[in-house]
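The values are calculated or read from the model by the stated rules, or taken from the named source; none is laboratory data. Since we're looking at a predicted model, the values are computed, not measured. Ideal geometry is used to build each Cβ from the backbone, glycine not excepted, and the neighbour counts take in all protein chains shown.
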Amino acid sequence: MGTSIPEPYADCLKGLLRFHDLQDAEASIRNLDAAYRAYQEVNDRVGMRVVREILLLGRRRAEGLAANPRVSLEKRSEKLEIARWFGVWLQTPNVFFSWLELRKRAEEFRRHFVKPTVDAR
């Protein structure tokens, strides 16, 4: 697919792939998933394929950033996590959001990605 989205899908899907950080990635996946479900509802296989290709592109780009030694270790770790999210959605879109909620509760995830809050008493 490259970076161009075929018509008539470009109007709906252009700009939805974002993964600056975990929050961006989650919002992006939610928006792309909603588009995927809408295409699925009307049996638009091309639309469904385009959404999957966008998520695959996101996974590849995130993996590339995760492997780039010029990117900070913290950001590389975050991009690797985002690539995992895209990959899980691509493999199992129907259970992705349940998996994501469990993932975000996992001790390993919380240790790496959840910043401790300061108690301002």
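At-a-glance table
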| item | result |
| --- | --- |
| Given (1) at pLDDT below 95; (2) in contact with a His (Cβ under 7 Å, 6 or more places away or on another chain), number of the condition Ser77 does not satisfy | (1) |
| Conditions (1) part of a loop (DSSP other than H, G, I, E, B); (2) free of Cβ contacts under 8 Å to residues at least 12 places away in the same chain: number failed by Lys104 | (1) |
| Some residue of the range 61-76 being surrounded by 11 or more Cβ atoms within 10 Å (Cβ to Cβ), touching a Leu at 6+ places or on another chain (Cβ under 6 Å) and closer than 17 Å to Asp24 by Cβ | yes |
| Matching residues, the range 4-22, being out of contact with any helix residue (DSSP H, G or I) (no Cβ under 6 Å at 6 or more places or on another chain), assigned to a loop (DSSP other than H, G, I, E, B) and not hydroxyl-bearing (Ser, Thr, Tyr) | Pro6, Glu7, Pro8, Lys14, Gly15, His20, Asp21 |
| Qualifying residue in the range 43-59 (condition: over 22 Å from Lys14 (Cβ atoms) and not small (Gly, Ala, Ser)) | yes |
